[in-house]
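Q: Just passing along the structure, written as structure tokens.
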Amino acid sequence: MNRKVKYILWLAVLVIVAYNSVYFKKLDSMKAAGTDKFDAAAYAKNYLQKQLPTLAGKAIDIDQLLTDLKTSPQKAFDTYSNALDIGSIRFFWIKGKGKLVNIDDNDIYLSTDNGHTTIKIAAEYVFGNAVRDASGLVHINDFNSTTDLNNISAEVNKIIRTQVLPAIKAEAKKGDEVEFLGALELNSSHLDTDAAEIIPVSLKIIR
């Protein structure tokens, strides 16, 4: 076998090996990508239905929070709020109950236990990161990307809109006593509790 033929055979072998190496590398990458894909919907369902209910006892009562925000706002933010990043936007994990004084297309209004405060609970437009961040259970370093974190919020809000709110909107009427658990977003630099809207995780009519 002359040198030219040997060279051609060796070149053919190298091409085949290189081709197969590239192929198997791509196949492995596809499998890894498919296996490691983050399931935001499953995470959100577990977070809302299993994790958050265990923290009900740690939620701050809304009347207590509003009182503390008036008397010592910075201490209230430092003590009760959570957030994934640094800034003035903070989130509170809250609970409470009150008498339903009004309900419209967008909100439910409750007069809380002290009888002096009317709070607003979202009944239609649920968006943002309040429920995701208020509990303190979600940590930014546990996820590979901000896309995963944003998808958690989107899926959590979707469940609240489609599963939590419809029942209360269909059944609630003025005068009902309503118990709630939820999240509240406030800006420590421009504090305005009158405009604040609670995002509910659970709403229950007490009869």
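The values are calculated or read from the model by the stated rules, or taken from the named source; none is laboratory data. Note that the structure is a prediction, hence the values are computed from the model and not measured. Cβ atoms come from the backbone with ideal geometry, glycine included; neighbour counts cover every protein chain shown. Side chains are part of the model used for accessible areas, which takes the heavy atoms of the whole protein and leaves out ligands, DNA and RNA. Shrake-Rupley method; radii C 1.70, N 1.55, O 1.52, S 1.80 Å.
Q: Quick check: from the Cα gyration tensor, does the stretch 128-205 come out rounded (a/c under 1.5), prolate or oblate?
A: oblate
Q: Moving to a separate point now. Quote to one decimal, in nm, the extra length available between Lys120 and Lys75 on full extension: 0.36 nm per residue of separation minus the C-alpha distance between them.
A: Here the answer is 13.9 nm.
Q: Below 8 Å, C-alpha to C-alpha, sequence gap of six or more: please give me the relative contact order for the stretch 61-207 in percent.
A: 29
Q: In addition: Rank these residues by their accessible area, most exposed first, probe 1.4 Å: Thr193, Thr67.
A: Of Thr193, Thr67, the descending order of accessible area is Thr67, Thr193.
Q: Given the pairs Lys37/Lys120; Lys75/Lys174; Lys120/Lys158; Lys45/Lys95; Lys50/Lys169, which span a C-alpha to C-alpha distance of over 30 angstrom in this model?
A: Lys37/Lys120; Lys75/Lys174
Q: Further question: Hey, what did the stretch 152-207 get for relative contact order, percent, Cα under 8 Å, at least 6 apart?
A: It comes to 42 percent, rounded to a whole number.
Q: What is the calculated FRET efficiency for Ser88 to Ala172, with r their C-beta to C-beta distance and R₀ = 30 Å, to the nearest 0.05?
A: According to the calculation, E is roughly 0.35.
Q: Using a 1.4 angstrom probe and counting only protein chains, how large is the accessible area of Asp85 in Å², to 10?
A: Accessible surface of Asp85 is approximately 110 Å².
Q: Let me ask something else about it. Taking the dipole about the Cα centre of the stretch 108-207, with the C-beta of Lys and Arg at +1 and of Asp and Glu at -1, give me whichever of Thr117, Ala134, Leu149 is farthest to the positive side.
A: Of the candidates, Thr117 comes out farthest on the positive side.
Q: In nm, to one decimal, how far is the Ala195 label point from the Ser145 one, both placed 7 Å along Cα→Cβ?
A: Simple spin-label model gives 3.4 nm for this pair.
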